[in-house]
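Notes for the one structure printed next.
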Amino acid sequence: MNIVVLTGAGISAESGVPTFRASDGLWEGHRVEEVATPEGFAANPALVQEFYNLRRAFLSEVEPNAAHLALAELAARWQGDFTLVTQNVDDLHDRAHQQIMPAAGFSLIHMHGELLKVRCTRTGKVMDWHSDLQPYHPSPFDPSGYLRPHIVWFGEIPLEMAQIEKALSECDLFLSIGTSGNVYPAAGFVQLASMAGARTVEINLEPTVGQNLFSEHLYGHATEVLPPFLATL
Ligand code: BJW
């Protein structure tokens, strides 16, 4: 049996990472267009680099929680294909996986990028990065390029889409955990999984806009409801 798991900001919420869609419509005091679009970056690179510098630095203050660890444990013992697609740019799934089974690999896709990577604006080359970026940070790959966060902003194409769509087309169980279902293409994954005949389960604090697309629902905090659910698989 093949499993695809999609996670969103809700799975990291209990580690202390803020979710996105606050009731005031702002992300940590900023309008989305200012900090999460290519146009926002072009207009004010200092603001955008600082926004991501703060979030990158904050990663050292948070740890994977019981939900991240339960998924890593499932990946370690699962005999069929197991694909974890996260919209999160934090590294908490990576660290949970390192804790549970450091030697073995499994398919973890950061479809919206990673805070701990940067990309050359000229060549598109990606490298690991753990410190701050300057507004116009010189790229080591090309003298006319700069380094930007390796983050998929609105209007940009999410990463590894072909691999994700293949996994969805072959999956028997699709779990959507802690995501509001507001952002595409991730919000449409449940329909691709359904078309493949998969059992589809939404796990969230509350019903989301896409709740009717799922065959089953589990409502509660991810750290509380996910480990016992995964233990039944
Ligand atoms: C808990 C919990 C707990 C809390 N336990 N649960 C009109 C219609 C349709 C689409 C579009 C449209 N206009 C434009 C578009 C496309 C656009 C889009 O979707 N816009 C919508 C806003 C309408 N999408 C794009 O531009 C994407 N690109 C694209 O479509 O390219 C075209 C293409 C696609 C495919 C192939 C070829 C071409 C790119 C989207 C990039 C999104 N990037 C961001 C920002 C990253 C930077 C950053 O981090 O700063 O990614 S947006 C932001 O939202 C972030 C997240 O990954 C993403 C999803 O958020 P998420 O995870 O759902 O978080 P929240 O906060 O919304 O929800 C948290 C949930 O957790 C809630 O439900 C809580 O209840 C729950 N929860 N605590 C369980 N303890």
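The values are calculated or read from the model by the stated rules, or taken from the named source; none is laboratory data. What you are looking at is a predicted structure, and each value in this text was computed from that prediction instead of being measured. In this analysis, Cβ positions are derived from the backbone assuming ideal geometry, glycine residues included, and neighbour counts consider all displayed protein chains.
Things worth noting here:
- Of the candidates PRO102, PRO135, PRO45, PRO140, the single residue that is farther than 23 Å from GLU14 by Cα and at pLDDT below 95 is PRO102.
- Of all the residues in region 28-56, those that are within 14 Å of the ligand (Cβ to nearest atom) and in a helix (DSSP H, G or I) number 18.
- LEU159, sole failed condition from (1) exposed (fewer than 15 other Cβ atoms within 10 Å of the Cβ); (2) within 16 Å of the ligand (Cβ to nearest atom); (3) not β-branched (Val, Ile, Thr): (1)
- LEU115 vs. criteria surrounded by 19 or more Cβ atoms within 10 Å (Cβ to Cβ), part of a strand (DSSP E or B) and out of contact with any strand residue (DSSP E or B) (no Cβ under 6 Å at 6 or more places or on another chain): yes
- Residue that is surrounded by fewer than 22 Cβ atoms within 10 Å (Cβ to Cβ), within 13 Å of the ligand (Cβ to nearest atom), over 23 Å from TYR184 (Cβ atoms) and in contact (Cβ under 8 Å) with a residue 12 or more places away in the chain, where the choices are GLU63, GLU14, GLU73: GLU14
- Residue match in region 162-169 (condition: over 20 Å from LEU84 (Cβ atoms) and not β-branched (Val, Ile, Thr)): no
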